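For reference, the structure discussed in these notes is given below.
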Amino acid sequence: MKKWLLIALALVLALSSVAMAEDAATPKYVFMFIGDGMGNPQVAATQYYLGSIENPDSEFPVPGELSFTDFPYLGMVTTYDASSFCPDSASTATSMASGEKTLSGVLNYDVNLENSFKLITEYAKEAGKKVGVISSVSLDHATPAAYYAKVPSRSQYYDIAVQGLTGTTLDYLAGGSFLKPDGDGTQENLFELAKANGFTVANTNEAIRALDANSGRVLAIDPNTADSQSLNYEIDRVRKAAAGEDILSLADYVKAGINVLDNENGFFMMCEGGKIDWSGHANDAATSIHETIAFSDAVQVAVDFAAEHPDETLIIVTADHETGGMTIGFATTAYDTHFTYLTNQTISFTNFDAVIEQLREQNATFEDAMAEVTRYYGLTTEPDQDLSLTEADVESLKAAYELSMIPKDERKLGDEEALLYGGYEPFSMAVSHIINNKAGLSYTSYSHTGLQIPVYAMGVGAEAFSGLYDNTDIFNRTMDVMGLTK
Ligand SMILES: [Zn+2]
């Protein structure tokens, strides 16, 4: 009897120590940050931009720190999907949310568009956690959608939103607004649908800042949305804030999310910096750098939270793919970079497009346009300045300006012009390319690339994210660390 008792005791002890070890290794709070289009070049350019501002007299380039660049564990992931080496945001977010590869454009369905996948947010919810999804772009966009919806096509915006608002997964959905709030125009309004399904709708700065654990399920919509129902570009938010406007940042939505979601069982929060990608498509380096700073500030909120909950928090920071083929170094600057030149740019390409539209309406001269270029980018026709334009620069600006002064529906672009401007406003693109190149930055594409993508991790279980692996393993490794099984 005694022997049996001893064996039983030993077993109980062994099992409980395993359980304790598992408990200790399981994060109560999981933050998943996705910088859309944020490859290593975007991170590095932002580090050297900040470093060159912080160390103006340094002989050597000094990389500044972002909130996540000193995380203790660093991995790399492959991002290809079932149809492309250069994948899109839907398939890559599907990989990270469900651990499965699919076709570009598909959200959480298999390649035959027959069976849907179960999401990490659903597993987390079943384990008792609250779930939050935040994006700086519209909430029905591919990346946020992948964490709460399953549709054969990412462009089913209304269906995506309906799944999020009528489903049971989400406790907090926040950031931009919806692209199709009334569906085809006859369908139920999404904000009414949200209220009917128990969501508190917060759509003023005051209401969003006041959110707390008593707010229940929350749909928080930015009251100052910009292009395509997204948050303002950070570079524009900063300029407008300097002029006295109060516009929420991505970090504000993470803060509000923590206030809403914190509970005794913890939470899983996905936060997307969506316009790193958009500024990459448009080859607007300064805007991209500011978007990366805003994203870093959002991660900092989680880092501060982790400092208060050190043995309970996991933070993963990664991207879905790189956008634009950004690189550091340009033919005319040889081995030099001049990142501080970009501090002269205070406007995003979309806000500058609006300036150009006004110029077109006013039938403005090229000289009028150049005054706006100097005002917002610091580029000048004065000689011997850092940002002095060469004759060739002025010629390319003139050519782009003439095209931009033709009303959009009357413009006919040849192949060469299509390549030069990528379908964007020609004058904005010409200005961006010139200031990028003077700073020592350039782009190879207006689309996504096949670059491998960094993964930064800190906190409970973070060591699991080291090494080179596939983006589907971000799902698998997060599941393992959280103690969840498929
Ligand atoms: Zn993307």
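The table below lists the values:
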| quantity | calculated |
| --- | --- |
| Tensor-based shape of region 274-418 (alpha-carbon gyration tensor, a/c under 1.5 rounded, otherwise prolate or oblate) | prolate |
| Coil-residue trypsin sites (Lys or Arg not before Pro) of region 393-450, DSSP, other Cβ within 10 Å capped at 16 | ARG411, LYS412 |
| For THR200, net neighbour charge (Lys/Arg +1, Asp/Glu -1) across residues whose Cβ lies under 12 Å away | 0 |
| Karplus (6.51, -1.76, 1.60) ³J(HN,Hα), θ = phi - 60°, over region 468-479, in Hz, Gly and Pro reported as x | 10, 8, 8, 4, 5, 6, 5, 4, 4, 6, 5, 4 |
| Calculated on alpha-carbon atoms, Rg and Dmax of the chain in Å | 24.0, 100 |
| Region 143-217 versus region 55-126: alpha-carbon centroid distance in Å | 22 Å |
| Crossing angle, helix 426-439 versus the chain [Cα axis fit, 0-90 degrees, rounded to tens] | 80 degrees |
| Rounded to the nearest 10 Å², the accessible area of SER215 at probe 1.4 Å | 20 Å² |
| Probe 1.4 Å - accessible area at HIS433, Å² to nearest ten | 40 Å² |
| Computed accessible area, THR168, all protein chains, 1.4 angstrom probe, square angstrom | 110 Å² |
| Largest-first ordering by accessible area, 1.4 Å probe, given options LEU170, LEU484 | LEU484, LEU170 |
| Within straight-line cross-link reach of LYS398, lysines at Cα separation under 28 Å, skipping those fewer than 8 residues along the same chain | LYS408, LYS412, LYS438 |
| Full-stretch length increase - SER153, VAL394 - with 0.36 nm per residue and alpha-carbon distance subtracted | 82.4 nm |
| Share antiparallel - DSSP beta bridges, the chain, percent rounded to 5 | 30 percent |
| Exposed-loop-free span, longest in the chain, where chymotrypsin sites (Phe, Trp or Tyr not before Pro) count as exposed if DSSP calls them loop and at most 13 other C-beta atoms lie within 10 Å | 86-334 |
| Mean residue ellipticity (222 nm) of the chain, computed from DSSP H runs ≥ 4 via -39,500 (n - 2.57), nearest 500 | -13000 deg cm²/dmol |
| Rounded if a/c under 1.5, otherwise prolate or oblate - region 369-486, Cα gyration tensor axes | prolate |
| 5 angstrom amide H check on LEU231, placed H, neighbours 5+ away | VAL137, GLY176, ALA226 |
| Directionally averaged projected area (convex hull, Cα atoms, region 56-191), nm² | 11.9 nm² |
| Which of ARG209, ARG237 is most accessible, then next, and so on - probe 1.4 Å | ARG209, ARG237 |
| Along the chain, longest interval not containing exposed GluC sites (Glu not before Pro), exposed being DSSP loop plus at most 10 other Cβ atoms within 10 Å | 265-486 |
| Amide H contacts of HIS448 (H built 1.01 Å from N, under 5 Å, at least 5 apart or other chain) | GLY324 |
| SER135, SER447, ranked by accessible area, largest first (probe 1.4 Å) | SER447, SER135 |
| Those lysines that a straight Cα-Cα span of less than 17 Å connects to LYS118, excepting residues fewer than 8 apart in one chain | LYS101, LYS129, LYS130, LYS150, LYS486 |
| In degrees, nearest ten, helix 157-166 long axis to first principal axis of the chain (Cα) | 30 degrees |
| Under-5 Å amide H pairs with SER84, H placed in peptide plane, nonlocal only | SER104 |
| Rounded tilt (10° steps) of 349-361 against the dominant C-alpha axis of the chain | 30 degrees |
| Rg/Rg_globular for region 165-247, with Rg_globular taken as 2.2 N^0.38 Å and Rg from C-alpha atoms | 1.20 |
| Rounded, prolate or oblate (a/c below 1.5 giving rounded, otherwise prolate when a/b exceeds b/c) for region 109-155 by Cα gyration tensor | oblate |
| Euclidean distance between Cα centres, region 413-460 to region 283-327, Å | 20 Å |
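The values are calculated or read from the model by the stated rules, or taken from the named source; none is laboratory data. Values in this document were obtained by computation on a predicted structure and should not be read as measured data. When we count neighbours, we look across all protein chains shown, and the Cβ atoms used for this are built from the backbone with ideal geometry, even at glycine. Note: areas computed on protein heavy atoms with side chains; ligands, DNA, RNA excluded. Shrake-Rupley method; radii C 1.70, N 1.55, O 1.52, S 1.80 Å.
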